[in-house]
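A short worksheet on the structure shown next.
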Amino acid sequence: METIVSRGGRYDFVIVTAATFPDWERPLRNAEGIDKCFAIAVVGRYIVYKNAYRFTMPGARFLNVLASGERLPVDLFDRSIVRDRPSSSLLESMMTFACGNEMMMEGLFRRSPYFVDSNVVFASTHPGLLKTDLHRGQGFLFDVLETVAVAVLGRTEEDSGHHQASVLVSDKLRPGLNFVDSLGYGRLRDPKMSELIESNLDWLWNLFQSLEATYVEHE
């Protein structure tokens with residue numbers, strides 16, 4: 001988590017970029033049996049955001065940097081790594097995190113008092129292609145493809161940071177949950193994503209509650 005402006009230990013702006021890339025050949029699971037990529041990208045962000053009232057100023061602005069479910073193939077979440085079996089492809093893993101991430105944020109604005117009753121401005125955007133080795137180690141062909149894609153389409157980390165900061169301070173953002181595409185423009189939610197949220201939000205929220213209860217019990 002990167003913090004930009006601080007006032008007496010509380011922050012006006014928060015950017016969250018934490019994530020890790022899935023390895024579908026050697027999936028890593030934590031003690032609760034949840035894929036660690038999902039645990040970091042979705043569960044970890046949930047914990048940060050739900051407790052944001054502890055370290056933010058009233059009306060703080062948040063930027064959530066992770067791919068979201070803009071255009072979905074099929075009902076990936078029901079066949080994903082957090083249900084009954086490992087994912088079968090890299091795309092399925094990435095879409096699982098993307099869908100779970102968007103579903104988690106929707107749940108926060110429906111069910112968490114800090115977000116429901118405040119004027120928090122929250123934006124979620126894609127990270128963009130960076131000149132980084134984050135995606136390395138997924139196989140020779142994938143490494144070659146990423147090298148070509150980044151060389152042609154990639155942007156430096158500094159350029160990406162400027163882009164994210166521009167989105168964060170935009171006067172087009174309104175209190176509540178805002179989604180922007182990789183170019184910084186607002187986007188409409190795919191109808192499939194809305195259906196996915198309505199059919200799975202209770203399940204995901206129950207997962208969060210059970211994990212919190214387990215943590216408190218162990219404490």
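Values in this text are rule-based calculations from the coordinates and carry no lab data. Just so we're clear, the structure is a prediction, and the values are computed from it rather than from any experiment. A quick note on method: Cβ atoms are made from the backbone with ideal geometry, for glycine too, and the neighbour counts reach across all protein chains shown.
Cβ neighbours within 10 Å, averaged per peptide: list 100-113, 50-63 in order, most packed at the top. Walk me through the numbers before you get to the answer.
Numbers: 100-113: 19.6, 50-63: 17.2.
Result, highest mean first: 100-113, 50-63.
Would any residue of region 47-66 have its amide N under 15 Å from a label point 7 Å out along Cα→Cβ of Leu188? List them or say none.
Backbone N within reach: none found.
Go ahead and run the numbers for FRET between Leu141 and Asp181, Cβ-Cβ distance against an R0 of 35 Å, rounding to 0.05.
On the way: r = 28 Å, r/R0 = 0.79.
Plugging the Cβ-Cβ distance into 1/(1 + (r/R0)^6) gives 0.80.
Taking the simple approach of a point 7 Å from Cα along Cα-to-Cβ for both His162 and Leu201, what is their distance in nm?
In this crude spin-label approximation the distance works out to 3.8 nm.
Taking the Cα-to-Cβ direction at Ala213 and at Thr20 and moving 7 Å from each Cα, how far apart do the two end points lie in nm?
Distance between label points: 2.7 nm.
Along Cα→Cβ, 7 Å out, is where each label goes; now give me the distance between the ones at Val169 and Arg110 in nm to one decimal.
Label at Val169, label at Arg110, 3.5 nm between them.
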